[in-house]
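Participant: Supplied in structure tokens, the structure appears directly below.
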Amino acid sequence: MMQKLMMSVSGVRGIFGENFTPFEALHFASSFGIFQKRGTIVVGRDSRTTGETIFHAVVSGLLSVGCKVIDLGIVPTPTVLLAVKDNNADAGMVITASHNPAQWNALKLIDGNGLFLYPERSKEFFSGLERKIVYSAWDKVGSIESDYNAISRHIQKILAIPYLDLEKIIRHKFRVVVDTVNGAGGLIVPRLLKKLGCEVVTINCEPTGKFSHNPEPLAQNLSELSSAVKAESADVGFAVDPDVDRLAIVSEKGEIIGEELSLLLAEKYILPKKKGDIVTNLSSSMASDDIAAEFGVKVHRTPVGEINVGKLMKSLNSPVGGEGNGGIICPEVNFTRDAISGIAIILGLLSETDKKISELQNEIPKYYFAKEKLVVSSADIDRIMLRAQSLYPELKKDTTDGIKFVGDKFWIHIRKSGTEPIIRIYTESTSTERSELLCKETIGLLNV
Ligand code: MG
């Protein structure tokens, strides 16, 4: 039954009514409830129009195997992760397809530690998914409660970040435009900004799930925010994805400075206050290495996926980390990507440096990405990946996740797709031309 669903480390996703239906969500939730020993499960969802129907299916699945359900309502993903810990729950589920368009929905799985399932736990859960569900007896089915204060607690936790000088931020009376694409962010971002003394201009802040533009916070989707920042003479613009774990920043000039800068600016702010190694993924910018060098710390790189980053940050007691897709992880709040914490951190940086976003942007070393894909036949893919191993013998090689070759101020990362017969090539260097050339050269070497 579950083969059609697209599975990932953190859960399942699909297009509603096609490969993702309430029926499958119900089965999946029952399996997860049993996996979590029929304990207490926190459930939250983003604002998608299909969220409510999937929610009822998920709750039905959990109750039928004897779980106690705590309903959070519409909330950001990082809020659900926090609420699992706050409620001393055994696990959590988020109903969200993150940055995917409105026809998509998905389920993400959280463990009792308030983090997504570690890869080994995820594997264990998925391997039992085909097992027959043993429902609870009539007198053992579960019950449901609600907890509608999770957003307030999340805001309080951010305001309590010890190095954040709230008075300084409030004194600046920042003028801020925020675009939450009518996702869950509308329920939390304007509230936080008001607590930080900002004058807030909201666009797309109704949590209706009717996404006003493609919800991925990439430059090509943020023209409305960019124009509004200029028209409103704002100090900064913030865009988040529907489940509020990715943050993109627009400068006071209306320039979309790119998601990659979000993490780099956070590193700049946090490292002088709290020294320690940075953790990020293998595909995020090497500007992190320059920033780390400036503060005498190291960068540790993990496979792509926030759980890999969060897990290593936890074990290293790292003060800041995340992913280049606008995913800032601030351990004072939780070891998960959190755009709301990210916003507070960026305002902290603005208030303490007395600089504009465009000036801060110019202080970050400039590198340029390129990416290409090589479509191959399924029969050839492993042979080509094997050949990739022996390319560039003069460069440093990292095989943690695919193959990454690292040179002086450039790198080439070769990964095979988990779902299609495609090999992806990512590069970063000191110019776009060079990065594109590195992609082409690599494809040429692989494709002989
Ligand atoms: Mg997301």
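The values are calculated or read from the model by the stated rules, or taken from the named source; none is laboratory data. Because the structure is a prediction, the values reported are computed rather than measured. Please note: Cβ atoms are built from the backbone with ideal geometry, for glycine as well, and neighbour counts cover all protein chains shown. All accessible areas refer to the heavy atoms of the entire protein, side chains included, with ligands and DNA or RNA removed. Shrake-Rupley method; radii C 1.70, N 1.55, O 1.52, S 1.80 Å.
Participant: For the ranges 108-121, 144-157, 426-439, what's the packing order if you count other beta-carbon atoms within 10 Å of each residue, average per peptide, and put the highest first?
Facilitator: Output ranking for 108-121, 144-157, 426-439: 108-121, 426-439, 144-157.
Participant: Can you classify segment 46-150 as rounded, prolate or oblate using the Cα gyration tensor, where a ≥ b ≥ c are the square roots of its eigenvalues, rounded means a/c under 1.5, and otherwise it's prolate if a/b beats b/c and oblate if not?
Facilitator: The shape class here is rounded.
Participant: Using modelled amide H (1.01 Å from N, peptide plane; none on Pro or chain starts), what sits under 5 Å from the amide H of Gly407, excluding residues fewer than 5 places away?
Facilitator: Amide H to amide H, under 5 Å and 5 or more residues apart or across chains, Gly407 pairs with Ile412.
Participant: Accessible area per residue for the chain in Å², computed with a 1.4 Å probe and the full protein assembly in place, what is it?
Facilitator: On a per-residue basis, the chain sits at 40 Å².
Participant: What is the local net charge at Ala83, summed over the other residues whose Cβ is closer than 10 Å to its Cβ (Lys, Arg +1; Asp, Glu -1)?
Facilitator: Around Ala83, the surrounding residues sum to 0.
Participant: Related question: Leaving ligands, DNA and RNA out of it, report the carbon-plus-sulfur percent of the accessible area of the chain at a 1.4 Å probe.
Facilitator: 52
Participant: Could you please report the charge total around Thr49, scoring K, R as +1 and D, E as -1 over all other residues with beta-carbon less than 13 angstrom from its beta-carbon?
Facilitator: 0
Participant: Compute the relative contact order of the chain as a whole-number percentage, counting only Cα pairs closer than 8 Å that sit 6 or more residues apart in sequence.
Facilitator: 12
Participant: Could you tell me which of rounded, prolate or oblate describes segment 316-387, using a ≥ b ≥ c as the square roots of the eigenvalues of the alpha-carbon gyration tensor, with rounded for a/c under 1.5 and, failing that, prolate when a/b is larger than b/c and oblate otherwise?
Facilitator: Verdict is prolate for segment 316-387.
Participant: Let's see if you can work this out: charge +1 on each Lys and Arg Cβ, -1 on each Asp and Glu Cβ, no other charges. What is the dipole magnitude of segment 208-334 about its Cα centre, in debye to the nearest 20?
Facilitator: 400
Participant: Spelling out what I want: for every residue of segment 230-247, take phi, set θ = phi - 60°, compute 6.51 cos²θ - 1.76 cosθ + 1.60 (Karplus), and round to whole Hz; glycine and proline get x.
Facilitator: With the stated coefficients, segment 230-247 comes to 5, 4, 8, 6, 7, 7, 6, x, 10, 10, 10, 7, x, 10, 6, 10, 10, 10 Hz.
Participant: Which value, in debye to the nearest 20, gives the size of the charge dipole of the chain about its Cα centre, when Lys and Arg are +1 and Asp and Glu are -1 at the Cβ?
Facilitator: 740
Participant: Within the set of other residues whose C-beta is less than 9 Å from the C-beta of Arg424, count the net charge using Lys and Arg as +1 and Asp and Glu as -1.
Facilitator: Net charge in that neighbourhood comes out at +3.
Participant: Set the Förster radius R0 to 45 Å, insert the Cβ-Cβ distance between Arg434 and Lys173 as r into 1/(1 + (r/R0)^6), and round the FRET efficiency to 0.05.
Facilitator: It comes to 0.55.
Participant: Further question: Assuming 0.890 mPa s and 25 °C, estimate D for segment 368-423 with Stokes-Einstein, Rh taken as the Kirkwood radius over Cα pairs, in µm²/s.
Facilitator: 204
Participant: Calculate one ³J(HN,Hα) per residue across segment 417-428 by plugging θ = phi - 60° into the Karplus curve 6.51 cos²θ - 1.76 cosθ + 1.60, and present them in order as whole Hz with x for glycine and proline.
Facilitator: Result, ordered by residue: 5, x, 10, 9, x, 9, 10, 9, 10, 10, 9, 9 Hz.
Participant: Tell me whether segment 74-131 comes out rounded, prolate or oblate; compute the Cα gyration tensor, take square roots of the eigenvalues as a ≥ b ≥ c, and use a/c under 1.5 as the rounded threshold.
Facilitator: It comes out oblate by the Cα gyration axes.
Participant: Find the relative contact order for segment 200-317 and round it to a whole percent, using C-alpha pairs within less than 8 Å whose residues are 6+ positions apart.
Facilitator: About 16 percent, as a whole number.
Participant: Amide H to amide H, which residues 5 or more places from Cys205 or on other chains are under 5 Å from it, using H placed in the peptide plane?
Facilitator: Thr180, Asn182
Participant: While we're on this one: May I ask for the Rg/Rh ratio of the chain, computed from Cα atoms with Rh as the Kirkwood radius, given to two decimals?
Facilitator: Computed over Cα atoms, the ratio is 0.97.
Participant: Per residue of segment 378-393, what does 6.51 cos²θ - 1.76 cosθ + 1.60 with θ = phi - 60° give for ³J(HN,Hα)? Whole Hz please, x for Gly and Pro, Karplus curve as stated.
Facilitator: Using θ = phi - 60°, the values come out as 4, 5, 8, 4, 6, 5, 5, 5, 5, 4, 4, 4, 9, 6, 6, x Hz.
Participant: Hey, can you rank 72-82, 358-368 by average C-beta count inside 10 Å, highest first?
Facilitator: 72-82, 358-368
Participant: Ok, one more. Give the long-range amide H neighbours of Glu252: residues separated by 5 or more places, or on another chain, with amide H under 5 Å away, using H modelled in the peptide plane at 1.01 Å from N.
Facilitator: Amide H neighbours of Glu252, under 5 Å, 5+ apart: Ile357, Ser358.
Participant: Compute the separation of the alpha-carbon centres of segment 340-362 and segment 50-121 and state it in Å as a whole number.
Facilitator: 32
Participant: Another question about this same structure. So for segment 15-155, averaging the separation of alpha carbon pairs under 8 Å that are six or more residues apart and normalising by length, what relative contact order in percent results?
Facilitator: Value for segment 15-155: 30 percent.
Participant: Pairs Lys108/Lys314; Lys195/Lys268; Lys210/Lys253; Lys37/Lys194; Lys298/Lys355; Lys195/Lys230: which exceed 32 Å Cα-Cα?
Facilitator: The answer is Lys37/Lys194.
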